[in-house]
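Working notes, structure below.
The values are calculated or read from the model by the stated rules, or taken from the named source; none is laboratory data. Just so you know, these numbers come straight off a predicted model, no measurement behind them. Note: ideal-geometry Cβ built from the backbone for every residue, glycine included; neighbour counts use all protein chains shown.
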Amino acid sequence: MTKKAKVEFEGKTVEYPIFEGSENEMAIDLSKLRADTGLITLDHGFLNTGSCYSAVTFLDGEQGILRYRGYPIEQLADQSNFMEVSYLLVYGKLPSATELKQFEEKIAQHSTLPTGAEKIIDAFPADAHPMAVASASMVSLSAFYPKFNSANPTAEEKAEVIALILGQFKTIAARQYRRAKGLAPIASNPALSYCEDFLNMMNGQLPSKDVAKALDVLLILHADHEQNCSTSTVRVVGSSNASVFAAISAGIDALWGPLHGGANQEVLEMLEIIKNDGGDHKKALQRAKNKDDTFRLMGFGHRVYKNFDPRAKIIKRSCDTVLSQLGVKDQLLDIAKGLETEALQDDYFKSRNLYPNVDFYSGIIYRALGIPTNMFTVMFALGRMPGWLAQWKELRETKETKIARPRQIYTGEKVREYVSMNKRS
């Protein structure tokens with residue numbers, strides 16, 4: 001028997017079906033609530049609202065579970081690579097060797113920007129925020145590839161534009177990085193892996209296998225995260241049949257916010273504050289526990305994960321590998337390692353499940369790789385790109401998709417009569 005929920009209002013009782021997901025998540029289908037009762041739901045930030053069906057990612061914050069297309073994040077980070085995970089997210093299955101090779105080749109073929117797009121990037125000030133350049137450059141691609149602006153793209157067009165965006169975004173990011181340093185751009189090398197190519201385009205030298213693998217793992221861990229702010233934004237813009245370039249650009253803009261993708265940047269800014277206050281991480285922990293102190297410990301705890309962030313355990317290993325490989329001597333990194341060690345042993349943080357999250361460790365890795373703080377969020381976007389594209393593809397292929405149009409509860413003035421200028425007090 002189908003489960004139902006009852007809504008009683010002004011003596012009228014209406015039943016609504018309960019939808020159950022494959023992982024036993026349940027949701028009340030209230031799509032006819034307004035028509036039946038005149039009511040709407042009020043849910044600030046949509047924290048309890050399911051906006052879509054999705055088969056891409058499963059997340060259980062209470063249990064600390066993250067799975068892409070059913071595969072545990074731990075297995076993918078340990079045994080897979082970013083290109084294979086990208087294919088998995090977009091197409092719903094692990095590729096054969098031939099499918100993966102074709103996917104990688106297609107992305108490599110699209111890793112050179114149109115000359116006009118290069119000129120657009122070069123027209124920005126060298127010190128422009130990399131996220132501004134990333135967003136503007138992404139949406140500009142719609143002018144160079146108008147055939148992908150169709151409201152009803154074919155399967156072949158979707159496959160082509162997904163490979164194009166995955167290839168060209170890493171080139172956009174690397175080119176702006178080089179410009180900010182006053183260096184000439186480096187062309188993509190199709191003989192290299194995705195992460196090797198990106199790091200080579202940035203630094204002009206081939207990274208070690210361990211460093212490339214660490215970045216590969218980091219991108220896998222960021223590849224998708226269910227219906228977060230930026231992913232929902234991609235879906236909202238995509239629901240209007242705007243081009244995929246517009247939808248992804250909007251996702252980049254949403255990610256830019258410090259409450260979302262900017263969190264790892266805030267970690268480094270916090271470490272700078274501790275450094276300027278004498279570099280005493282123990283003092284910083286005591287300040288964080290003082291509710292009357294304005295100092296906040298960034299990179300600990302997570303809005304969704306109520307116990308631990310499963311990605312943090314994985315990325316810690318990569319972080320240790322990178323720091324060991326590069327032999328970086330940096331006071332900020334020393335402070336970070338001290339904070340981590342002390343907090344993991346502190347009953348205050350342990351009792352509140354305030355463990356280091358993925359943003360804490362990712363910022364440390366980016367710092368060790370020499371990536372400037374204001375580019376951290378672009379690195380986040382690089383990893384999240386296949387997830388956004390998978391969600392956009394799913395949106396376009398779901399028959400239930402409607403243009404997003406939330407309701408509101410109006411709290412303004414009631415009807416008023418217009419008063420002419422000469423009669424206003």
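Among Ile364, Ile371, which is the only one that is surrounded by fewer than 24 Cβ atoms within 10 Å (Cβ to Cβ) and either at negative phi or modelled with pLDDT of 85 or more (or both)?
After ruling out the rest, the residue left standing is Ile371.
So which residues in the stretch 6-58 are assigned to a strand (DSSP E or B) and more than 23 Å from Lys399 (Cβ to Cβ), if there are any at all? Outline the logic, then answer.
So the first thing to find is which residues in the stretch 6-58 are assigned to a strand (DSSP E or B), and the list is 6-9, 12-20, 26-28, 57-58.
Those that are assigned to a strand (DSSP E or B) and more than 23 Å from Lys399 (Cβ to Cβ): Lys6, Val7, Glu8, Phe9, Lys12, Thr13, Val14, Glu15.
Filter the stretch 255-284 for residues that are modelled with pLDDT of 90 or more, buried (at least 21 other Cβ atoms within 10 Å of the Cβ) and out of contact with any Lys or Arg (no Cβ under 9 Å at 6 or more places or on another chain) and give the result.
Of everything in the stretch 255-284, those that are modelled with pLDDT of 90 or more, buried (at least 21 other Cβ atoms within 10 Å of the Cβ) and out of contact with any Lys or Arg (no Cβ under 9 Å at 6 or more places or on another chain) turn out to be Trp256, Ala284.
Of the numbered conditions (1) buried (at least 21 other Cβ atoms within 10 Å of the Cβ); (2) modelled with pLDDT under 85, Trp392 fails exactly one; give the number of that condition.
Evaluating Trp392 over (1) buried (at least 21 other Cβ atoms within 10 Å of the Cβ); (2) modelled with pLDDT under 85 leaves (2) as the failure.
Here is a yes/no grid of residues against (1) surrounded by 15 or more Cβ atoms within 10 Å (Cβ to Cβ); (2) among the hydrophobic types (A, V, I, L, M, F, W, C); (3) not assigned by TED's automatic domain parsing to the domain that holds Ala212:
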{"residue": "Asn24", "(1), (2), (3)": "no, no, yes"}
{"residue": "Gly38", "(1), (2), (3)": "no, no, yes"}
{"residue": "His44", "(1), (2), (3)": "no, no, yes"}
{"residue": "Leu66", "(1), (2), (3)": "yes, yes, yes"}
{"residue": "Leu88", "(1), (2), (3)": "yes, yes, no"}
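Specify which of the listed residues (Arg384, Arg407) is in a loop (DSSP other than H, G, I, E, B) and basic (Lys, Arg).
Exactly one of Arg384, Arg407 is in a loop (DSSP other than H, G, I, E, B) and basic (Lys, Arg), namely Arg407.
Identify the residue in the stretch 123-178 that is in contact (Cβ under 8 Å) with a residue 12 or more places away in the chain and of a type in the set (D, E, K, R) and, among all such residues, is farthest from Leu192 (Cα to Cα).
This residue is Asp127.
Yes or no: the stretch 313-329 includes at least one residue that is assigned by TED's automatic domain parsing to the domain that holds Asn276, crowded, with 22+ Cβ neighbours inside 10 Å and either more than 24 Å from Cys195 (Cβ to Cβ) or among the small types (Gly, Ala, Ser) (or both).
Checked against the condition, which is being assigned by TED's automatic domain parsing to the domain that holds Asn276, crowded, with 22+ Cβ neighbours inside 10 Å and either more than 24 Å from Cys195 (Cβ to Cβ) or among the small types (Gly, Ala, Ser) (or both), the stretch 313-329 yields at least one hit.
Looking only at the stretch 185-218, which residues are of a type in the set (Asp, Glu) and closer than 10 Å to Phe82 by Cβ?
Step one: list which residues in the stretch 185-218 are of a type in the set (Asp, Glu), which gives 196-197, 210, 216.
Asp216 - this is the single residue of the stretch 185-218 that is of a type in the set (Asp, Glu) and closer than 10 Å to Phe82 by Cβ.
Please go through the stretch 299-312 and give me each residue that is surrounded by fewer than 22 Cβ atoms within 10 Å (Cβ to Cβ) and of a type in the set (D, E, K, R), ordered by number.
Residues satisfying the conditions are Arg303, Lys306.
Please work out which residue is nearest to Phe169 (Cα to Cα), limiting yourself to the stretch 179-200 and to residues that are among the charged types (D, E, K, R) and buried (at least 17 other Cβ atoms within 10 Å of the Cβ).
Asp197
When you go through Ala128, Ala163, Ala136, Ala151 one by one, which is the residue that is assigned to a helix (DSSP H, G or I) and surrounded by fewer than 19 Cβ atoms within 10 Å (Cβ to Cβ)?
Result: Ala136 is the single residue among Ala128, Ala163, Ala136, Ala151 that is assigned to a helix (DSSP H, G or I) and surrounded by fewer than 19 Cβ atoms within 10 Å (Cβ to Cβ).
Determine whether the stretch 227-236 contains at least one residue that is of a type in the set (Val, Ile, Thr), closer than 20 Å to Ser140 by Cα, surrounded by fewer than 24 Cβ atoms within 10 Å (Cβ to Cβ) and in the same structural domain as His129 (by TED's automatic domain parsing).
Scanning the stretch 227-236, I find at least one residue that is of a type in the set (Val, Ile, Thr), closer than 20 Å to Ser140 by Cα, surrounded by fewer than 24 Cβ atoms within 10 Å (Cβ to Cβ) and in the same structural domain as His129 (by TED's automatic domain parsing), so the answer is yes.
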